[in-house]
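J.: Attaching a single structure in C-alpha cells format; questions to follow.
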Amino acid sequence: MATLTTDRRSGKIAGYNVQWYDGKRRRTIHLGCKTYSKKTAERFKDIVEALLFYRRNGLTTPEKTVEHWLQNAPVELRAKLAKADLLVVDEAKTCQQLWDAFLKFKAADVKPKTMESYHASRTRFFEMFMPEESIEMVTLDRLLEWRAALLEECPSTTVAGRIKNIKTMFTWAVDQDWLRKSPADKVPRGSFRNREFDRFITMEEYGKLLEACPNQEWRTIIALARIGGLRCPSELQRLRWTDILEDRFTVYSPKTERHEGRDKRVVPLFDELREEMEQHDQTSEFVIQSFQDKAWRLHSPF
C-alpha cells in the first residue's frame, strides 16, 4: 500500500511524497509541486500501488489503463519508477546513436544532394543538442527554441528544410520503437518558398551577362537557364548532346522524377539558345562537360 504525503514550508505545500514499505525499509519518491499537481501526484501514487501489486503477485502484464499511463508518462516519472525498482526501462538511445543509425539507413535510399542536406541538418542540430544526451530529452520546447535560433541566422526556406529533415528522422525513430512519440510533430516547418529575391531577368540583362562570360561554356549555361528554363544545376548536369534535336531537346528532371510522368519534359530550341549551342563544343558526352567531375556549385564561380 502506498501513501501520499505533502512537504510543507512556511505553511505552504512544497511538494508531494509517494511512500511505501518494501519489507525492509520505507521507500519515497518526491514530486515537486511546481512541476506536478496534486491530481498528478495522486495518480502517480495509484500507479505505484499497481506496480507493487504486480510485483508481489508475479504479474508481468499490467492492465490497459496502467500500461497507457506508463507509455505516455513523462521521462522523469518513468525514471523515478525505474530508480525505485518498480519499472524496467530500456536504456534510451543517444542523439549521436540516432543520427548515425538514421543516416546509415538513408544512405542507400536517397540521392547525394539529399544526404548532403541531412548532414547539414545534423551539424545544425548539434549546435543545440549534445551528442551523448538521450533522445528522450529532446522536447518540443527545445526544438522550438532551436528553430527560433536558426531563423535568426538562416533564410526561412533553409530552416524549413532543416525542420523537414528533423521531422523525418524522429518519425523514423518512432517506427524503430526508439521513441513512443516524435517530439517534432508540432514544430512548424515553414514554407519552402521565398519570393523576396525573385525578379524577372530582362533580355537586356541577359545580353550583358553573356558579354561578361569568360568562355562559351558559361554563355551556354546562362542561355540554358534564362532561355531554356533549366533548373541549375540538377537538370543542367544531366543534359547530353544526344538529348538535343533540330528544333527541341529533352530535359530530365531529378527533382520531379518521383512523380509519374514528370521525369522529363520537351523544351523548344529557341533561336537565342540555338545560337549559343551551335558555337559550343559538341564533341563531349554532356553539354556542360567541365563540371561533371566537380561538386556542381555554380553560384561561386558565377
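Throughout, read-outs are computed from the coordinates displayed, never taken from laboratory work. None of the values given here were measured: they were computed from a predicted structure. Cβ: placed from backbone, ideal geometry, glycine included. Neighbour counts: every protein chain shown.
J.: Considering the zone a paramagnetic label at T114 would reach in this model (a point 7 Å from Cα along the Cα-to-Cβ line), which residues of segment 167-194 have amide N under 16 Å from it?
T.: 167-173
J.: Set the Förster radius R0 to 35 Å, insert the Cβ-Cβ distance between K104 and R26 as r into 1/(1 + (r/R0)^6), and round the FRET efficiency to 0.05.
T.: Working: r = 48 Å, r/R0 = 1.37.
For K104 and R26, the calculated efficiency is 0.15.
J.: Per residue and in cubic angstrom, what volume does the convex hull of the Cα atoms of segment 95-195 have?
T.: Numbers: hull volume 9.6 nm³, N = 101.
Considering the Cα atoms of segment 95-195, their hull volume per residue is 95 Å³.
J.: List the equivalent ellipsoid semi-axes of segment 31-140 in whole Å, largest first, each obtained as the square root of 5λ for an eigenvalue λ of the Cα gyration tensor.
T.: On the way: eigenvalues 278, 59, 25 Å².
Ellipsoid half-lengths, sorted descending, are 37, 17, 11 Å.
J.: Here's something else I'd like to know. Using alpha carbon coordinates only, what is the Rg to Rh ratio of segment 199-278, with Rh defined as the Kirkwood radius? Write down the numbers at each step before the final one.
T.: On the way: Rg = 13.0 Å, Rh = 13.3 Å.
Rg/Rh: 0.98.
J.: Okay, moving on. Would you give the gap between the C-alpha center of segment 82-133 and the C-alpha center of segment 5-28, rounded to a whole Å?
T.: Going from one Cα centre to the other spans 38 Å.
J.: Between the helical axis of 216-226 and the dominant principal axis of the chain, each derived from Cα atoms, what acute angle in degrees is found, rounded to the nearest 10?
T.: Between the helix axis and the principal axis of the chain, the angle is about 60 degrees.
J.: Spelling out what I want: for every residue of segment 238-253, take phi, set θ = phi - 60°, compute 6.51 cos²θ - 1.76 cosθ + 1.60 (Karplus), and round to whole Hz; glycine and proline get x.
T.: So the Karplus estimates, Gly and Pro as x, are 8, 5, 10, 5, 5, 7, 9, 9, 5, 10, 7, 8, 9, 10, 9, 10 Hz.
J.: Can I ask one more? Comparing N57, N17, N194, which has the greatest mean-square fluctuation in the GNM of the chain with Cα pairs linked when under 10 Å apart?
T.: N57
J.: Per residue of segment 178-189, what does 6.51 cos²θ - 1.76 cosθ + 1.60 with θ = phi - 60° give for ³J(HN,Hα)? Whole Hz please, x for Gly and Pro, Karplus curve as stated.
T.: Coupling constants for segment 178-189: 7, 9, 7, 8, 6, x, 9, 4, 9, 7, x, 6 Hz.
J.: Something else about it: Please work out the ratio of the alpha-carbon Rg of segment 1-54 to 2.2 N^0.38 Å and round it to two decimals.
T.: Values: Rg = 11.5 Å, N = 54, 2.2 N^0.38 = 10.0 Å.
Dividing the Cα Rg of segment 1-54 by 2.2 N^0.38 Å gives 1.15.
J.: In addition: Sort F105, F249 so that the residue with the fewest other Cβ atoms within 10 Å of its own Cβ comes first and the one with the most comes last. Let's see the in-between values first.
T.: Working: F105 13, F249 24.
Ascending Cβ contact count within 10 Å gives the list F105, F249.
J.: Could you give the nm distance between label points at F286 and S253, where each point is 7 Å from its Cα heading toward the beta carbon?
T.: If labels sit at F286 and S253, their model points lie 2.0 nm apart.
J.: Rounded to whole Å and ordered largest first, report the semi-axes of the equivalent ellipsoid of the chain derived from its Cα gyration tensor (root of 5λ).
T.: On the way: eigenvalues 774, 81, 42 Å².
They are 62, 20, 15 Å, listed largest first.
J.: Follow-up question, since we're still on this one. What lysines could a cross-link reach from K181, if we take a straight Cα to Cα line under 22 Å and drop same-chain neighbours fewer than 8 places away?
T.: Candidates past the 8-residue exclusion: K64, K80, K93, K104, K106, K164, K167.
J.: Loop only per DSSP, at most 15 neighbouring Cβ atoms within 10 Å: give me the GluC sites (Glu not before Pro) in segment 95-183, ordered by residue number. Each step should come with its number before you reach the end.
T.: On the way: sites: E116, E127, E132, E133, E136, E145, E152, E153; in loops: E127, E132, E133.
For GluC sites (Glu not before Pro) across segment 95-183 that sit outside H, G, I, E and B with at most 15 neighbouring Cβ atoms in 10 Å, the list reads E127, E132, E133.
J.: Using alpha carbons only, how many degrees (0 to 90, rounded to 10) separate the axis of helix 95-107 from the longest principal axis of the chain?
T.: Computed tilt is about 40 degrees.
J.: Please report Rg over Rh for segment 42-102, where both radii come from the alpha carbon positions and Rh follows the Kirkwood definition. It would help to have the intermediate numbers written out before the result.
T.: Values: Rg = 13.8 Å, Rh = 12.9 Å.
Taking Rh as the inverse mean 1/r over Cα pairs, Rg/Rh reads 1.07.
J.: Also: Report, by chain and number, residues whose modeled amide H sits under 5 Å from the one on F249, excluding near sequence neighbours (fewer than 5 apart, same chain).
T.: V267, L269
J.: Now for a separate question. Where does helix 156-175 land angle-wise versus the long Cα axis of the chain, in degrees 0 to 90, nearest 10?
T.: Compared with the principal axis, the helix lies near 50 degrees.
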